[in-house]
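See structure below.
The values are calculated or read from the model by the stated rules, or taken from the named source; none is laboratory data. In this text, all values refer to a predicted model and were calculated from it rather than measured experimentally. Positions of Cβ are generated from backbone atoms using ideal geometry, with glycine treated the same way; all protein chains shown enter the neighbour counts. Surface areas here come from the heavy atoms of the whole protein model, side chains and all, with no ligands, DNA or RNA. Shrake-Rupley method; radii C 1.70, N 1.55, O 1.52, S 1.80 Å.
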Amino acid sequence: MNDFINYLNSTNNVGGNSTGSLAETQVKSSYYDSVKVDRKLGAYITDCVESGNHKAFILTGHAGDGKTSILVQVLKSLGRLQDREGLFVQKEYDDFLYYKDMSEIAAEKQVEALKAAVTAPKRGKTSLLISNTGPLLKAFEALMRAKKESSGEQFSDNDRMELQSRLFTQLDINEDESLQIEGYEFVLVNIARVDNVPFAVRVLKKILVPQLWAPCTTCSYANRCPIKNNYDLVTTQFDRVAQFIENYYRFLYENDKRMTIRQMVGQISYALTGNLSCNDIESRQLKEPFFVYNFANMFFGYHVLKKATDTAQIKGIEQLQNLELDRIALDVDYSLFVSNDYSCFMPKIQKELTALTQRYRKHYQITDEEQLLDRKKHEEELRLREAIRRFYLLFSLCESDADIDRIMNQIFGESYADYRKLISSKQSNIMLRNMQGMIFDALYIKNTGYLPEGKTVLPLTLRREDDVFQNVMIVLGEVSKYDLKVIQERVTNQFEDVDNKFDLYLKLGEKNFKLSLPMITYFNNLIDGAISSNNNPALTHGIAQLDALLLEQFGEDAPESEEDCELTVIINTAKGQEVEHFAFENNKLRIQ
């Protein structure tokens, strides 16, 4: 029996026991120290206490983002929290003061708690206050109002709006610099804005530490245990599995679907155990255990060839099933589904997939995916292909980084691999110029409906906003291709858990426009012929912002008078594009 399996099962919300997902419960577990991953912010706060450079820290963010875990990390680093010891709602030491959750403090006491936290450095203490955004804003308003009224001033609506604006701005940009408001100095950190993607792989590595699985190696049921099988597979192919998991969570993060640490741990633990216990393995003879409960199937939330009951409650599985990555045709489909060539897998998986194919595959074969989608009687064949793709995405034996990039581009978008490289390390000018060229081509198509075909000047056109190009468009300005530069800027926030991180910008004259993965994907889709962006409001806003910046930096000045007006017009004809220049002089039209 391995009690660690029960601990893993308690960290997701599919079964009836999800208590292990809460930090207050985790800290009392004997396994907590074995699987916890320290955060840079926790180390920074600890250093402030130990060095005497006392500061006030306020943490906010989503449930499951690891706020309480940071407090636990600080206390353990300072030697003030013993194994399996719980947390107090509030506790004060000679050099450290903490509030575990301001929501657990009576409403009338919250302002006192906030004031004690932000004034702690003046009393020779570092403080850490954890709070949800709502109670924090109310407490700050009450604190500022009391301070104003104590000096005979009135706390006006303008004061309230200015306070909220400063707090919300800090929560949005999440800088690590101290914030000063009305004489109070503190560091406000929105954990929900910290890039936590690498955390998933670090947790997975901790979960797979051999000591935690030692009871499984001597278990008499190990030869038929899917949990032990998953442990062996993931351990053997750790780098490959980690690459897919991190790329998947990166894709969600860059598309504003950020996963909390609790959600990532829940999905990983479920994929390993399928919520089975050692008692289940001992008392039941599971059918096809190494396929049905395989990590590849469970990470996607599948049981046999269908979605497992209640697994969509796990956020990461819900997102995977919505994305339908296992339905995307890959360049290896013919080899996998027609030739039944499973040589890209390790022998253990080859054997499993060969047996799977023999059990489920029809006597006939269909090579066209569209035929499968159109005919219900081939649904089982389609489900079989999706299952094999799940194995391929997680366990295929890719020999190089280029192979991984190729697979990730197929499922996450053509430029995904390049974007990931550009935000994770300093890249060559060649890659930046290639990205610049792709963006120029896309913007040219967006503004004119045509490929540039060697042109190096981008016209800024006045046109309809419904993706239908009219035959005549007025040119409001022009941008040289060489004035659109893609640049990288290193992120210097010391609280980020990413070792190397860069922001990607399109430099437009004196302004920079931040490039996101959805925007890069949009540019690629434009070149490929797909131009609709209505299904993504954030992307639509970004496109409008880019258009406005281009006109602001490169738009032509308005004419000084109606008599002195020149127009440049693009005319789309059956033979291609024509550019005409019109001038109005003394109420007469002249074609130049």
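Values computed for the structure shown
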read-out	value
Whole-Å distance, taken between Cα centres, linking the range 446-499 and the range 279-299	51 Å
For the chain, alpha-carbon Rg relative to the globular expectation (2.2 N^0.38 Å, N residues)	1.16
For the range 161-202, diffusion coefficient by Stokes-Einstein and Kirkwood Rh (Cα), 10 °C, 1.306 mPa s, µm²/s	136 µm²/s
The range 95-237 - percent relative contact order, Cα under 8 Å, separation 6 or more	16 percent
Cα-based Rg and Dmax for the range 461-526, where Dmax is the largest Cα-Cα distance (Å)	16.6, 52
Kirkwood-based shape ratio for the range 71-206, expressed as Rg/Rh from alpha carbons	1.00
Whole-Å distance, taken between Cα centres, linking the range 44-69 and the range 202-234	34 Å
Calculated FRET value between residue 235 and residue 182, using beta carbons and R₀ = 51 Å, to 0.05	0.40
Calculated FRET efficiency for the pair residue 403/residue 359, C-beta based, R₀ 30 Å, to 0.05	0.55
The range 1-135: translational diffusion in µm²/s, Stokes-Einstein, Kirkwood Rh over Cα pairs, 37 °C, 0.692 mPa s	209 µm²/s
The chain, helix-only ellipticity at 222 nm - DSSP H runs n ≥ 4, -39,500 (n - 2.57), divided by all residues, nearest 500	-14000 deg cm²/dmol
Accessible area per residue, Å², the range 56-138 with all protein chains present, probe 1.4 Å	41 Å²
Globularity index of the range 392-501, i.e. its alpha-carbon radius of gyration over 2.2 N^0.38 Å	1.40
The range 424-546, accessible area per residue, ligands and nucleic acids excluded (1.4 Å, Å²)	50 Å²
Hydrodynamic radius (Kirkwood) for the range 154-245, which is based on Cα pairs only, to one decimal in Å	17.7 Å
Mean accessible surface per residue for the range 238-352, computed with a 1.4 Å probe while every protein chain stays in place, in Å²	40 Å²
Percent breakdown of C-alpha pair distances by 10 Å bin, ordered from the shortest bin, for the range 86-166	17, 44, 31, 7, 0
Under Karplus coefficients 6.51, -1.76 and 1.60, residue-wise ³J(HN,Hα) of the range 215-223 in Hz, glycine/proline x	x, 6, 6, 10, 6, 6, 9, 4, 6
Carbon/sulfur fraction of accessible area - the chain, other protein chains in place, 1.4 Å, %	47 percent
Signed unit charges on C-beta, dipole axis of the chain, positive-most listed residue 233, 570, 119	233
Lys/Arg +1, Asp/Glu -1 at C-beta; the chain dipole; positive extreme among 329, 170, 142	329
Rel. contact order, % - alpha carbon contacts under 8 angstrom, at least six apart, the chain	12 percent
Globularity ratio of the range 246-296, using Cα Rg and 2.2 N^0.38 Å	1.50
5 angstrom amide H check on residue 476, placed H, neighbours 5+ away	460, 461, 462
